[in-house]
Amino acid sequence: MTIFSKIIAGEIPCYKIAEDDRFFAFLDINPVQPGHTLVIPRQETDYIFDLSDELIGEMMKFSKRVAAAIKQTIPCRKVAMAVLGLEVPHAHIHLIPISTEGDMDFRHKQEIPADEMAELASRIAANFS
Ligand code: 5GP
């Protein structure tokens, strides 16, 4: 079981943004920017491009809805999207609110106090539709 499957199962806590029968979205624990969100499929697959055409398409549609909620909540020019997958072997899309290129630097991760993370998550979740 991957660490992300444990998050879905509720065995590891997270700051949840949204979920449906196939996908789950939650704040990255070490965000590149406040509001940095991960979208994952419930299905445990390491490499995103191993997902079926159907599932990767649906994952993009779910991510679009999450990105809209982030954009509505966090002041930014755009919500950027990235897939790395070097650390956790469970496919995930990073959604990061940015205003400049430098806002998306994976070498500089932040630690945000728990109360602020919880508040961010609930504000983004409230804008998810
Ligand atoms: P990647 O696999 O795309 O290189 O990076 C994995 C991302 O998952 C990192 O940005 C890291 O901060 C995040 N991450 C790793 N473990 C956890 C965790 O237990 N909870 C949460 N919320 N994020 C995690």
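Where a number appears in this text, it was derived from the coordinates with a stated rule and is not lab data. Remember, it's a predicted structure, so these values are computed and weren't measured experimentally. Here Cβ is always computed from backbone atoms with ideal geometry, including for glycine, and neighbour counts include all displayed protein chains.
Karplus-derived 3J(HN,Hα) values for region 59-64, using 6.51 cos²θ - 1.76 cosθ + 1.60 with θ = phi - 60°, are 5, 5, 5, 5, 4, 4 Hz; glycine and proline are entered as x. Applying a DSSP loop filter and a limit of 14 other Cβ atoms within 10 Å to the GluC sites (Glu not before Pro) in region 54-129 leaves 87, 111. Comparing 86, 122, 9 along the charge dipole axis of the chain, the residue lying farthest to the positive side is 122, per the Cβ-charge model. Taken about its Cα centre, the chain carries a charge dipole of roughly 420 debye when the Cβ of each Lys and Arg holds +1 and the Cβ of each Asp and Glu holds -1. Just tell me which lysines come within less than 22 Å, Cα to Cα, of residue 61; anything on the same chain fewer than 8 places away is out. Output for residue 61: 16, 71, 78. Where a ≥ b ≥ c are the square roots of the eigenvalues of the C-alpha gyration tensor, would you call region 47-111 rounded, which needs a/c under 1.5, or, failing that, prolate if a/b is larger than b/c, or oblate? Verdict is oblate for region 47-111.
In order along region 43-54, the Karplus-derived 3J(HN,Hα) couplings, from 6.51 cos²θ - 1.76 cosθ + 1.60 at θ = phi - 60°, round to 5, 7, 10, 5, 8, 4, 7, 8, 5, 5, 3, 5 Hz, and Gly and Pro are given as x.
Shape analysis of the chain places it in the rounded category; the axes a ≥ b ≥ c from the Cα gyration tensor give an a/c below 1.5. Whole-Hz Karplus values for region 71-79 come out as 4, 6, 9, 9, x, 6, 6, 8, 9 Hz, taken residue by residue from phi with 6.51 cos²θ - 1.76 cosθ + 1.60 and θ = phi - 60°; glycine and proline positions read x.
With the helix formula -39500 (n - 2.57) applied to DSSP H stretches of n ≥ 4, the chain reaches a computed 222 nm mean residue ellipticity of -10000 deg cm²/dmol.
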